[in-house]
Amino acid sequence: MDDVPQIDILMLADYAEVVGGKLYIMGGAWDRLAVRDPSQPMRFAIGVSVLVPWNATNHTFGLRLTIEDSDSVTHGTLVETSFVAGRPPDLKPGSDQRVLLAINSLMPSLGPGEYAIVAAIDGAERRRVSFAVIHTTA
């Protein structure tokens, strides 16, 4: 698998951004989303880090993030994009390249239950992170 990018970080957060080659996360690694009104979307973020092997640099790959429920039914596509990791002239031969992505979005209206953010590269699932939606009155 020397030619296949791997997702080493897929994290739910309250806010995320990429600045200067660093992934900044606020309120990260949560696995429960408490909502008062399930008909209203809620703000959330996803931090992603993709490791691109040396042999896969300078190639274009597609990245897709979706929300699935526990029955594997898709509840929306959060992002669909492509990425390329180049080889800087001073990169040591054989080194991996890191591609960072921060997505700040609105969670679609979801009923109570178990869900997952699913990350796929070129159509193949590479990682998922699970979370629960819990309705609350407080």
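List of remarks:
- Estimated inter-spin distance, residue 128 and residue 14, nm [label 7 Å along Cα→Cβ]: 2.8
- Within the shell of other residues whose beta carbon sits under 13 angstrom from the beta carbon of residue 129, the net charge comes to -1, with Lys and Arg scored +1 and Asp and Glu -1.
- Extending 7 Å from Cα along the Cβ direction at residue 26 and again at residue 6 yields two label points whose distance is 3.2 nm.
- A Förster distance of 22 Å, applied to the separation of the beta-carbon atoms of residue 39 and residue 104, puts the FRET efficiency at 0.55.
- Here segment 1-117 is treated as a Stokes sphere of Kirkwood radius computed over C-alpha pairs; at 4 °C and 1.567 mPa s its diffusion coefficient rounds to 82 µm²/s.
- Theoretical FRET efficiency, 1/(1+(r/R0)^6), r = Cβ-Cβ of residue 51 and residue 137, R0 41 Å, to 0.05: 0.45
- 14 Å beta-carbon shell around residue 104, net charge (K/R +1, D/E -1): -1
- Structure remark: mean-square fluctuation, Gaussian network model of the chain, C-alpha springs under 10 Å; the largest value among 76, 28, 20 belongs to 20.
- Dipole magnitude for the chain: computed about the Cα centre from +1 point charges on Lys and Arg Cβ and -1 point charges on Asp and Glu Cβ, it is near 340 debye.
- Percentage relative contact order, segment 1-124, counting C-alpha pairs under 8 Å, at least six apart: 33
- Listed residue (135, 89, 50) projecting farthest to the positive dipole end of the chain, Cβ model: 89
Coordinate-derived values only; no laboratory data. In this text, all values refer to a predicted model and were calculated from it rather than measured experimentally. Virtual Cβ from ideal backbone geometry, glycine too; neighbours counted across all protein chains shown.
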